[in-house]
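Participant: To start, I am sharing the structure in question, which I have written as structure tokens.
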Amino acid sequence: MMPTPVSSRIGATAAVVFLVVPLVALLMRVPWLRVPEILVDPAVSGALGLSLRTAVVSTMIAALLGVPCAWWLAARTGPLREAVRVVVSVPLVLPPVVAGVALLYALGRGSFLGDVLSHAGVSIAYTTSAVVLAQTFVALPFIITTVDAALTAHGHRGEEVAATLGFTPRRAFFLITLPTIRPALLTALALGFARALGEFGATLTVAGAIAGRTQTLPVAINALLGYDIDAALTAAALMLVIACLILGLLRTPALTGGVR
């Protein structure tokens, strides 16, 4: 363990306190005796179920789109790759409500895609599909950037050797590269799932807050704050517990490759 100056220890302590105090304050306000009753309330359990289902679907879609994109990025050089990396990173810094507005004007009524889909009898805005799209939009960059970084660090030596043995690029990628970067891939999926599960702004904007259809748990918390603070606090604590479980999962040897 490296020695650190006193100023570093003071800064670290201040940072941890700053982050921990609000979380402790939340947990202290939770009506623990009412938690079982609140968790079975349809306003909470239904929103949680919808959040979990849509987050799983969103993560799967993000993985199907993100892993090939990361593969392409890691295999390329030049300005085009850097431009794509910038585009991919935009949702990471974009306010979620702006992402929701963008999706709404891309897929809602009056938009080109929205009108095309409407003529085909498909409606996206303010449906469960809109929830999935909003979650995928915010989760996809996490998967792309994480896998891209792992592939770039991994290099192409394995694929080059496999090519001399007659492997096609696709076969080499699935049989050699993906198993090698498995910890990074699992981390990317966990981060994407967590981001999708916690999405609020884009979901509320493009999908609304229709109970049973588009009201995910973060959206439900926002609604519950107006009329049932105990339920809102319990749901918020539940989201905190889920986040901690995901972070704990990210520290397991299966995801870290045995490095702790």
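Any read-out appearing in this document is the output of simple, stated calculations on the displayed coordinates, not a laboratory observation. Treat the numbers as computed from the prediction; the structure is a model and nothing was measured. Glycine also receives a Cβ, built like all others from the backbone with ideal geometry; neighbour counts cover every protein chain displayed.
Participant: Give, in nm to one decimal, the length gained when the segment between ARG170 and VAL98 is fully stretched (0.36 nm per residue of separation minus the Cα-Cα distance).
Facilitator: Result: 22.2 nm gained on full extension.
Participant: Moving on to the next point. Ranked highest first by average number of other Cβ atoms within 10 Å, how do 60-66, 172-178 line up?
Facilitator: 60-66, 172-178
Participant: Using 0.36 nm times the number of residues separating VAL56 and ARG81, minus their current alpha carbon distance, what extension gain do you get?
Facilitator: Once the chain is fully extended between VAL56 and ARG81, it gains 6.1 nm.
Participant: Now a separate question. Which one, (i) 33, 19, 18; (ii) 28, 21, 21; (iii) 34, 29, 17, gives semi-axes √(5λ) of the Cα gyration tensor in Å as derived from the coordinates shown?
Facilitator: Derived directly from the coordinates: (iii).
Participant: Rounded if a/c is under 1.5, else prolate if a/b is larger than b/c, else oblate: which is the range 1-101, with a ≥ b ≥ c the root eigenvalues of its Cα gyration tensor?
Facilitator: Judged from the Cα gyration tensor, the range 1-101 comes out oblate (a/c at least 1.5, b/c at or above a/b).
Participant: Output the peptides 131-142, 186-197, 16-27 sorted from most to least packed, where packing is the average of other Cβ atoms within 10 Å over each peptide's residues.
Facilitator: 131-142, 186-197, 16-27
Participant: Looking at the square roots a ≥ b ≥ c of the eigenvalues of the Cα gyration tensor of the range 195-256, which shape do they give, rounded for a/c under 1.5, prolate if a/b is larger than b/c, or oblate?
Facilitator: It is oblate, given that a/c is not under 1.5 and a/b is not larger than b/c.
Participant: By counting other Cβ atoms within 10 Å of each Cβ, how are VAL206, VAL88 ranked from fewest to most?
Facilitator: Fewest-to-most ranking of VAL206, VAL88: VAL88, VAL206.
Participant: As a footprinting exposure proxy, order VAL6, VAL116 by other Cβ within 10 Å, with the fewest listed first.
Facilitator: Ranking VAL6, VAL116 by Cβ neighbours within 10 Å, fewest first, gives VAL6, VAL116.
Participant: Per residue Cα convex hull volume for the range 114-171, in cubic angstrom?
Facilitator: About 129 Å³ per residue, rounded to a whole number.
Participant: Related question: Between ALA130, ALA15, ALA184, where does the largest GNM mean-square fluctuation fall for the chain, given springs only between Cα atoms within less than 10 Å?
Facilitator: ALA15
Participant: Turning to a different aspect of this structure: Between VAL20 and VAL161, take the C-beta separation as r, use R0 = 51 Å, and let me know the FRET efficiency to the nearest 0.05.
Facilitator: Plugging the Cβ-Cβ distance into 1/(1 + (r/R0)^6) gives 0.60.
Participant: Please order CYS69, CYS244 by the number of other Cβ within 10 Å, starting at the fewest.
Facilitator: Going from least to most buried by this count: CYS244, CYS69.
Participant: Given the -39500 (n - 2.57) contribution per DSSP H run of 4+ residues, what per-residue ellipticity at 222 nm results for the chain, rounded to the nearest 500 deg cm²/dmol?
Facilitator: -24000 deg cm²/dmol
Participant: If you don't mind, there's one more thing I want to ask. Quick one: what are the phi-derived ³J(HN,Hα) couplings along the range 28-43, Karplus 6.51/-1.76/1.60 with θ = phi - 60°, whole Hz, x for glycine and proline?
Facilitator: My calculation for the range 28-43 gives 5, 8, 5, x, 4, 5, 9, 4, x, 5, 6, 5, 8, 5, x, 5 Hz in order.
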